[in-house]
Each structure stands twice: as C-alpha cells, then as structure tokens.
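Every number here is computed from the coordinates shown, using simple stated rules; none is lab data. Keep in mind it's a predicted model, so treat the numbers as computed, not measured. Using ideal geometry, Cβ is built from the backbone for each residue, glycine included, and neighbour counts are taken over all protein chains shown.
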Amino acid sequence: MMKKICSFIILLFITVVVHAQEPLYPYVFFDNSTMPGHYFFSEVKEVRPSGFTSIEKKLPVDESIYHSAPNSLHFSYKSNEDGLWTVNLFKQNIRGKDFFIEPKYLSLWVYNKSEKRNAALPQIGLMKTNSATSQFVAINTSKQNEWEQVIIPI
C-alpha cells in the first residue's frame, strides 16, 4: 500500500512540474504605446544637418495613422551626407515573460507617405546582447499611402 502511495505522489509531482513550465512568448519590440506623446523605449540621436523629428529625444507616437489601434511610431527624417541620425528601439522587459520563441525574422508594418522609394528609406540593424550591431538591411517597400508588411530574415 505504501508503495502505491509513494508512486502516486511521484507521478503527481512529475505531472505538476511538467505543467508548471512557462509558455514561450514571441519577441515584441513595439505593439502599441500605452502613453501618448512619445515612446519611452526609444532613443533618437542626430547630427546636423541631418534631422529626425523627436519628442525629448524619443520617437513620436502617431495616433492618426496606425496599423493596429490606437497608435504607431512616427518616423520623419531628413538625411544629409554631412550629418547622421540613428533611432534605437529597446525591448520592454515585462515581468513574467522570460522565455521566448527563437526569432527567425523581424516583421514590420511600414506606411510610406512620401514619394521616396527603397533607396531613400532607412536601413535596419539589430543590436545583439554584446552591443555589436548586425549587418544593416534595407527596407524595401513598393506601396505608397498604405500599410505594407516588411519581413527581414534574422
């Protein structure tokens, strides 16, 4: 009888341990900003004569054009050979979300209001944990004044 009880307790413990594992989450840099104005988890740097529209050196939040309500990030810039601008987006750490699905690509939704095509759009690089940046990749879009998904393999 004692052997059956011990077996039952061990089996119950194994079942609880197996079901107590935390689920894997997708890596998300930006979904929607919870606050209006600017996106806290961003950083804008510029060297004149290039320029980038920012609020307190943060990316502006756009509440009029968005892919998923209620907002999006607004990129408005002027590039010049003698200047430079960079934007960093940081992953927001959320308590309890510690395990992630290994990413295979970076997915963005781009709304291109200007007449500029691929060559004039900014390039994207990913910063690794050791602060080294990956090779920069061009954003390729073909649509104007509508949302277009851009997928960049990692």
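Within the range 41-59, being closer than 20 Å to residue 29 by Cα and touching a Leu at 6+ places or on another chain (Cβ under 6 Å) holds for 42, 59.
Within the range 92-110, residues that are under 12 Å from residue 28 (Cα atoms) sit with their Cβ atoms under 6 Å from residues that are in a loop (DSSP other than H, G, I, E, B) and not hydrophobic (A, V, I, L, M, F, W, C), at 6+ positions apart or across chains, in these pairs: 100/27; 101/26; 103/27. Among the residues of the range 128-154, those identified as farther than 17 Å from residue 73 by Cβ and in a strand (DSSP E or B) are 133, 137, 138, 151, 153.
Kindly indicate whether residue 113 is of a type outside the set (A, V, I, L, M), in a loop (DSSP other than H, G, I, E, B) and either over 17 Å from the mean Cα position of the chain (by Cα) or closer than 17 Å to residue 42 by Cα (or both). Lay out the reasoning, then the answer.
On the way: of a type outside the set (A, V, I, L, M): yes; in a loop (DSSP other than H, G, I, E, B): yes; either over 17 Å from the mean Cα position of the chain (by Cα) or closer than 17 Å to residue 42 by Cα (or both): yes.
Yes.
For the range 54-78, the tally of residues that are of a type in the set (Gly, Ala, Ser) and either surrounded by 14 or more Cβ atoms within 10 Å (Cβ to Cβ) or within 14 Å of residue 113 (Cβ to Cβ) (or both) stands at 4.
With respect to the conditions (1) surrounded by 10 or more Cβ atoms within 10 Å (Cβ to Cβ); (2) under 16 Å from the mean Cα position of the chain (by Cα), residue 85 lacks only one, and its number is (2).
Out of 72, 142, which single residue is among the small types (Gly, Ala, Ser) and touching a strand residue (DSSP E or B) at 6+ places or on another chain (Cβ under 6 Å)? Break it down into steps so the answer makes sense when it comes.
Details: 142 fails: touching a strand residue (DSSP E or B) at 6+ places or on another chain (Cβ under 6 Å).
Answer to the check: 72.
A single member of 80, 88 is of a type in the set (S, T, N, Q), touching a residue at least 24 places away in the same chain (Cβ under 8 Å) and assigned to a strand (DSSP E or B), and it is 88.
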